Amino acid sequence: MGCLDCCIRCLGGVPYASLLATILCFCGVSLFCGCGHVALTGTLTILETHFSQNASDHATLTHIIQLMQYAIYGIASFFFLYGIILLAEGFYTTSAVKELHSEFKTTICGRCISAMFVLLTYILGIAWLGVFGISAVPVFLFYNMWSTCGSMRGPVSDTPTNLHANQSICVDMRQYGLIPWRATPGVACGSTLLDICNTSEFYLSYHLYIVACAGAGATVIALLIYMMAATYNYALLKFKSREDCCTKF
């Protein structure tokens, strides 16, 4: 019974909310960073091949995409370390709240650190809401192209009338601000647009953007769980410290 009681007490000190949030955060950030990096490369390939054949026209976009890819490396590294720190802080606060060790005492410094993590996680959560919104933009753009191509793949699309009509269906990347208006050709119509939609780069990039957007959403949920768990533990630590002061002789 002694060993069983010890195991039960140890399991009682595991911060399950922080553990769940850590797993969800690692998975979400990994999906966002990995899929986003590959999808950005595929997007640049599509633009260079089909919409902007002059390198000077999309030089700025190329530079921005490279910076975003470098930023992805930093985001992945930061959240790997931050997730471990938050998990360790979850073990600390959970042990303090549940008083697994009689000699365990909370300090003002410890409570300040917990409050700092609550504030930082709150700020990161707001930032990732913005990242989630931004990651939905390429999904929307690729979905427009995908649905436009789908409208030209109808069962009677091979008739002369429909073939002529399909040539008037176009997607202009210049209107999205991705490439300047001087870029050539800048627009894809009819069979050319269908060929683009049938390329492996388009298919892969479209679905990778969807996964990256889902990863950003999972990260937002993970940070929300972190924030709720950290706020709850901090509130109990603060209440416990006041109780100790009131009962101290």
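With the crude spin-label approximation of a point 7 Å out along Cα→Cβ, what separation in nm comes out for Asn144 versus Phe78?
3.0
What residues have an amide H closer than 5 Å to that of Ser52, excluding those fewer than 5 places away on the same chain, when H is modeled at 1.01 Å from N in the peptide plane?
Sorted by chain and number, the residues that satisfy this are Gly186.
Whole-Hz Karplus ³J(HN,Hα) for segment 184-199, in order, using 6.51 cos²θ - 1.76 cosθ + 1.60 and θ = phi - 60°, x for Gly and Pro?
10, x, x, 9, 10, 10, x, 5, 5, 5, 5, 4, 5, 5, 8, 6
Ignoring ligands, DNA and RNA, what accessible area per residue does segment 166-232 give at 1.4 Å, in Å²?
Accessible area per residue, segment 166-232: 47 Å².
For segment 208-220, what does the Karplus curve 6.51 cos²θ - 1.76 cosθ + 1.60, with θ = phi - 60°, yield as ³J(HN,Hα) per residue in whole Hz, taken in order and with x for Gly and Pro?
5, 5, 5, 5, 5, 5, 5, x, 5, x, 5, 5, 4
Can you work out the PRE-style zone for Tyr176? Point 7 Å along Cα to Cβ, and I want the residues of segment 210-224 with backbone N under 14 Å.
Output list for this probe position: 210.
For Leu40, what is the net charge nearby, where nearby means another residue's Cβ is under 14 Å from its Cβ and Lys, Arg count +1, Asp, Glu -1?
Neighbour charge sum, excluding Leu40 itself: -2.
Would you calculate the separation in nanometres between label points at Asp195 and Gln69, each defined as 7 Å from the Cα along the Cα-to-beta-carbon direction?
The two pseudo-label positions are separated by 2.5 nm.
The values are calculated or read from the model by the stated rules, or taken from the named source; none is laboratory data. If you're wondering where the values come from, they're calculated on a predicted model, not measured in any experiment. With ideal geometry, Cβ positions are generated from the backbone for all residues, glycine too; neighbour counts draw on all protein chains shown. Areas reflect the complete protein model, heavy atoms only, side chains present, ligands, DNA and RNA absent. Shrake-Rupley method; radii C 1.70, N 1.55, O 1.52, S 1.80 Å.
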